[in-house]
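Worksheet: the structure to be examined is printed underneath.
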Amino acid sequence: MSASPDQPAAVQPVQPVQPAQTAAEQSLYGGVTHRRVTVRDLQAATDRGERWAMLTSYDMLTAAIFDEAGLPCLLVGDSAGNNVLGHTSTVPVTVDELLPLVRAVAGAAQRALVVADLPFGSYQASPAQALATAARFLQVGGAQAVKLEGGRAMAPQIELLVTSGVPVMAHIGLTPQSVNTLGGYRVQGRGDAADRLVEDALAVQDAGAFAVVLELVPAELAARVSEVLTIPTIGIGAGAGCDAQVLVWTDFAGLTPGAGPRFLKKYADLRGTLLAAAREYADDVREGRYPAEEHSYH
């Protein structure tokens, strides 16, 4: 009912103006703290030119540490095959082997987006097979996204997963699950293969992938792909032109013996630290220094 001429109209409460988010509040590093990072956050970071890092993780302890460090994305990779499970490659890794690792990481990481690898043979046969496998990693493992290898040939799988509500990270260039076909761990995309790799990148983007890993690709080609695509590119051995970078945590932390591939930078020497600690422990036990009185109960 409208107010009479003798009655003043009701005063409407003034809605407070929400201040625009600052760059620090938007940033993946310190900005998103009250909830889990999403694929939209990763895309927004790429859109504003903010580079971001991803590490692999296979257990609750490293997941919690990397999450606390502020990494916005953790990958439970099938690289667990030759870094945790004792296989010589990623090919033998099964869904049943990887699922408990995904559950451990997803349970420990409170902020980072957790991506689960789809193991070899668990998605290539058909889009329906891919969806069934991905559903297990989201429902049972607690992951928020999955990763699969392959370009144009995997577009139908990606499309069905995305339309079914499963965010997909694609992976092209060197695809370790195809190492037997590729003839080893070799740089991909040189010469005439460069255009095919660009076509693969566009195909996975068009199918709905939210990001794409470029592994062992010439830096110039990776930069070209990053210019062509709108989704984030994640490099590993692909130069500095990608929007993000990923490393296997046992490599980056110096736990893996040997120099490693050319693209690797070791940020710690955990192998050396653990080796020295194990030797000191063994010596203390042998010489009777451990356990001492302060380590005993009475």
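The values are calculated or read from the model by the stated rules, or taken from the named source; none is laboratory data. What you see is a predicted model; the values in this text were computed from it and never measured. Cβ: placed from backbone, ideal geometry, glycine included. Neighbour counts: every protein chain shown.
Would you check if residue 239 is part of a loop (DSSP other than H, G, I, E, B), out of contact with any Ser or Thr (no Cβ under 9 Å at 6 or more places or on another chain) and at pLDDT below 95? It is false that residue 239 is part of a loop (DSSP other than H, G, I, E, B), out of contact with any Ser or Thr (no Cβ under 9 Å at 6 or more places or on another chain) and at pLDDT below 95.
Applying the condition of being of a type in the set (Val, Ile, Thr) and touching a strand residue (DSSP E or B) at 6+ places or on another chain (Cβ under 6 Å) to region 226-261 and asking which residue is surrounded by the most Cβ atoms within 10 Å (Cβ to Cβ) yields 234.
For region 106-215, the strands (runs of 3 or more DSSP E) that sit wholly inside it and include 2 or more residues that are touching a Phe, Trp or Tyr at 6+ places or on another chain (Cβ under 8 Å) are 145-149, 168-173. Only one entry of 93, 39, 76 meets the criterion of being touching a Gly at 6+ places or on another chain (Cβ under 6 Å) and at pLDDT 95 or above, and that entry is 93.
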